[in-house]
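Q: Handing you a structure now.
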Amino acid sequence: MLKSLSVRTVLALVAGLVAGAAIGAYGSASLVSATETFESVGALWLNALRMTVIPLVFSLLVTGIASVADAASTGRLAVRSILIFAVMLTVATLYAVVAFPAAYALWPVDSAAAEAFIAGAGASPAEPALPPALGEWLAALAPSNPVAAAAEGAILPLVVFAIFFGFAATRLPADRRDPMVGFFRAVADTMIVIVRWVLIAAPLGVFALSLGVGLRSGLGAAGVLLQYVVVTSALTLAVTFLALAFAVLWGRARPGLFISASAPVLAVAFSTQSSLASLPLMVERSRDAMGVPERVANIVLPLAVAIFRVTSPVANIGVVFFLGEVYGVDFTVGQIAAGAFVAIAVSVGSVGLPGQVSFIASVAPIAIAMGAPLELLGILLAVEVIPDIFRTVGNVTGDLAAAVIANRSGAGPEQT
């Protein structure tokens with residue numbers, strides 16, 4: 001259903017750009033007026049997606065932390081696996097905050113095309129915010145009023161509160177913790193249902209948004225979108241090679257063996273865009289072709305699919321850097337650090353969500369933390385189907401690398 005929806009959404013994007021450009025070229029005042037009125041449908045659709053962000057992120061973080069804590073309680077192998085995931089996520093995030101600015105320095109978005117793109121989306125240029133002093137930034141990490149922080153969209157202190165809340169909940173007796181975690185899991189599931197409902201109207205919403213873009217910027221917007229897809233896909237694909245490096249350098253895997261053993265799994269990941277669908281073959285290939293013991297594969301790989309996506313912070317941070325490039329926002333070190341922290345946190349909570357569902361839930365908090373506008377996310381969602389392929393390929397490679405590393409770094413009998 002989501003795949004066919006992705007195709008329809010991409011077609012709606014193309015149709016909107018072409019129709020908007022044609023209306024702009026024709027110059028009929030009545031058609032232009034009707035187009036500008038119809039744009040409000042796109043704004044309504046985008047707002048409907050954005051309204052789920054705060055409750056969904058908070059609920060996913062609480063339930064995600066609970067799942068990590070439950071996994072850690074199963075034995076040393078699970079704990080070691082979680083530590084491996086944490087190291088890989090941190091390195092991947094550091095790679096992202098260096099690679100994307102470097103890529104846009106080498107291939108900057110054309111300023112005229114960016115201005116036309118912003119105007120076409122009905123947005124205003126972003127006003128650069130003055131970075132807070134270090135003391136102010138540290139003091140703001142803990143919200144004095146979490147409800148007010150949520151209402152004001154202060155995502156970083158809200159994420160900090162959610163992390164503390166989630167870890168504190170794991171210290172409660174099971175009879176008190178489980179109903180509360182169940183409540184937040186139900187809230188997250190409810191928000192996902194709402195997102196799925198809103199996504200049904202994605203072709204209409206994207207058509208309305210792209211219609212305005214085409215009207216004001218013509219088909220030049222297609223070049224900006226193509227640049228986004230190429231840069232994001234290429235740098236996300238590079239995570240696959242980063243995971244290979246982890247497997248070789250940390251897991252002491254032979255490069256040729258790892259590549260040949262992974263190839264069938266990567267083919268499934270590429271075609272299905274689902275780590276879960278790739279799990280059975282991941283277990284088989286890691287066990288039969290890579291020599292990972294069944295005991296290790298049966299714990300590490302399902303755990304990785306459940307709580308680990310190495311490409312999530314990379315691709316999501318890449319979206320925000322693209323937004324900054326289009327809007328001419330120069331992110332400060334503090335903003336980048338905040339975005340990196342939020343990216344790692346939400347990557348755990350959003351694992352298992354389909355790409356289109358997780359896009360807004362994962363990217364919007366990072367954009368808010370870094371001070372990037374959100375108005376273009378609806379249009380970028382339409383082309384997410386392409387980068388999502390490389391997200392999945394990188395995630396599966398990271399999962400296999402983690403299994404090899406966990407097996408290599410183990411010592412002594414496991415208490416699983």
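The numbers here are math on the coordinates, done by the rules we state, and not lab data. Remember, predicted model here, so these are calculated numbers, not experimental data. Cβ coordinates were reconstructed from backbone atoms using ideal geometry, including for glycine residues, and neighbour counts include every protein chain displayed.
Q: Over all directions, average the projected area of the Cα convex hull of region 258-393 and note it in nm².
A: Working: hull surface 34.0 nm².
Quarter of the Cα hull surface area: 8.5 nm².
Q: Treating only the Cα positions of region 159-314 as identical point scatterers, give the base-10 log of I(q)/I(0) from the Debye formula at each q in 0.11, 0.14, 0.17 Å⁻¹.
A: -0.76, -1.05, -1.16
Q: Right, next: Can you check what the net charge comes to around Phe100, using other residues whose Cβ is under 14 Å from the Cβ of Phe100 (Lys, Arg +1; Asp, Glu -1)? Each step should come with its number before you reach the end.
A: Numbers: positive: none; negative: Glu325, Asp330.
Here the charged neighbours net out to -2.
Q: Could you work out the relative contact order of the chain, using alpha carbon pairs under 8 angstrom and six or more residues apart, expressed as a whole percent? Numbers along the way, then the final one.
A: Details: 613 pairs, mean separation 137.8, N = 416.
The value is 33 percent.
Q: Take the chain, mark every one of the trypsin sites (Lys or Arg not before Pro) that falls in a DSSP loop and has at most 13 other Cβ within 10 Å, then report the longest stretch left between them, sites excluded.
A: Numbers: sites that count: Arg171, Arg252.
Excluding the exposed sites themselves, the longest stretch runs over 1-170.
Q: Also, I was wondering about something else. Going by Cα centres, region 363-406 and region 178-243 are how many Å apart?
A: 10 Å
Q: Distance in nm between label sites at Arg252 and Glu294, each 7 Å beyond Cα in the beta-carbon direction?
A: Label at Arg252, label at Glu294, 2.5 nm between them.
Q: Between Phe164 and Ala102, what FRET efficiency follows from the Cβ-Cβ distance if R0 is 22 Å, with the result rounded to 0.05?
A: Numbers: r = 35 Å, r/R0 = 1.57.
So the FRET efficiency works out to roughly 0.05.
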